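What follows is a single structure, written as structure tokens, with notes after it.
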Amino acid sequence: MQVEMPTGKGFDVFVGVPDYSVHYQYRQGTILHEVRETNLRELFGKYGDLLWMNGSHKYNVTNFIGELHDLLDFPSFSAFSDEMLDQLIGKLRKRGNSNATINRKMAALSKLLRKANKMGDVHSLPEFKRQKEKAGRIRFLDTDEENLLFSEIRAHSELYYRFCLFLVDTGARLSEGLNLRWGDIHKDRVTFWVTKSGRSRSVPLTQRALAAIEASDRRYSGPFAEIDQQRFRVAWHNAKDAVGFADDKDVVPHVLRHTCASRLVQGGIDIRRVQMWLGHQTLTMTMRYAHLASHDLDMCVPILERAAAS
């Protein structure tokens, strides 16, 4: 191979350069190995246990990734394009998924693909954009509804009844309550170590939440460790149907967390403290309950009345 070299009067000197070729094999700018085709199921099998802890959230993510894999026209890929992402979002919308549901599924997909990209399994990623969500109605139980539902659950299982009391008075997620261990309880306070955000938090206990814990069998690793989540959900839905909530799709176990938050806000607790109690990463999540504190605006009326009178 020869290359012309400038001499100031054009290119008239030829220098011999040895022939060579470079085969670039991509992994974030480093030469490592050739990227082969993969698919979402394979990536989840490879990284699912690293990215998500066992529990209800991982169970949901498993279903999300399986659904997205099935929706792709060509499930095998070495790069995940914007066109592939648009295709998935379009198909989810046709299935009736709300923007909030799409966001949850895309969050799982993004987390999995970012890990795969970092490890060299996928050499390019799409741009993930959060879909705009509508502010939905938050369902919570009033005292009469709680008594009605809890009485029906108690008729089926005293343990399930105590678990519901604990959840509604701590605002704990279902998985947080099930994963609670005896060593996480200190006098009248519990610490949740296994949380959705990955950040631990401690909350004080009401008298009935403390009583619900103390009545549990210490032969198990935690006060509610003997509960099978799926069986509890079945018992919940049977009780819900029995007391007339069959058509209310929002009366799920998570409604107990909403109920706890709503009672705190309605009782005059400021939003920042409610955020800490629930363990929300951002205040935006907690602001969903802010409308319940509208009674704080009553003090504004006398000021406007005086202004109008003057």
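What follows draws every value from the coordinates through simple rules; no lab data is involved. From a predicted model like this one, the values you see are computed outputs, not experimental measurements. A quick note on method: Cβ atoms are made from the backbone with ideal geometry, for glycine too, and the neighbour counts reach across all protein chains shown.
Straight-distance candidates among the aspartates and glutamates for linking to LYS240, with alpha-carbon spacing under 19 Å and chain neighbours fewer than 8 residues away dropped: ASP142, ASP144, GLU145, GLU146, GLU152, GLU158, ASP228, ASP248, ASP250.
Within the stretch 143-294, the ratio Rg/Rh, alpha carbon atoms throughout and Rh by Kirkwood, equals 0.95.
Which FRET efficiency value, to the nearest 0.05, do you get for SER124 and THR282 by plugging their Cβ-Cβ distance into 1/(1 + (r/R0)^6) with R0 = 22 Å?
Numbers: r = 29 Å, r/R0 = 1.33.
According to the calculation, E is roughly 0.15.
For the pair ARG218 and TRP182, the difference between a 0.36 nm per residue extended length and the Cα-Cα distance amounts to 12.2 nm.
When only DSSP loop residues count, what trypsin sites (Lys or Arg not before Pro) in the stretch 102-140 have their Cβ near at most 12 other Cβ atoms within 10 Å? Intermediate values should be presented prior to the final figure.
On the way: sites: ARG104, LYS105, LYS111, ARG114, LYS115, LYS118, LYS129, ARG130, LYS132, LYS134, ARG137, ARG139; in loops: LYS129, ARG130, LYS132, LYS134, ARG137, ARG139.
Here the sparse-neighbourhood loop sites are LYS129, ARG130, LYS132, LYS134, ARG137.
Legend: ranking of residues THR62, THR195, THR286 from fewest to most surrounding C-beta atoms inside 10 Å; resulting order THR62, THR195, THR286.
Listing GLU226, GLU83, GLU146, GLU176 from fewest to most neighbouring C-beta atoms within 10 Å gives GLU83, GLU226, GLU146, GLU176. Listed by chain and number, the lysines whose alpha-carbon sits under 26 Å from that of LYS105, ignoring those within fewer than 8 places in the same chain, are LYS46, LYS58, LYS91, LYS94, LYS115, LYS118, LYS129, LYS132, LYS134, LYS196, LYS249.
Listed options for mean projected area of the Cα convex hull in nm² are (1) 30.9; (2) 18.5; (3) 15.6. The value calculated from this structure is the one marked (1).
Only counting other Cβ atoms within 10 Å, I'd like CYS164, CYS300 sorted with the fewest neighbours first.
With the sparsest Cβ surroundings first, the list reads CYS300, CYS164.
Please state the relative contact order of the chain as a whole percent: Cα pairs under 8 Å, 6+ residues apart? All intermediate terms of the calculation are to be shown ahead of the outcome.
On the way: 342 pairs, mean separation 43.1, N = 310.
Rounded, it is 14 percent for the chain.
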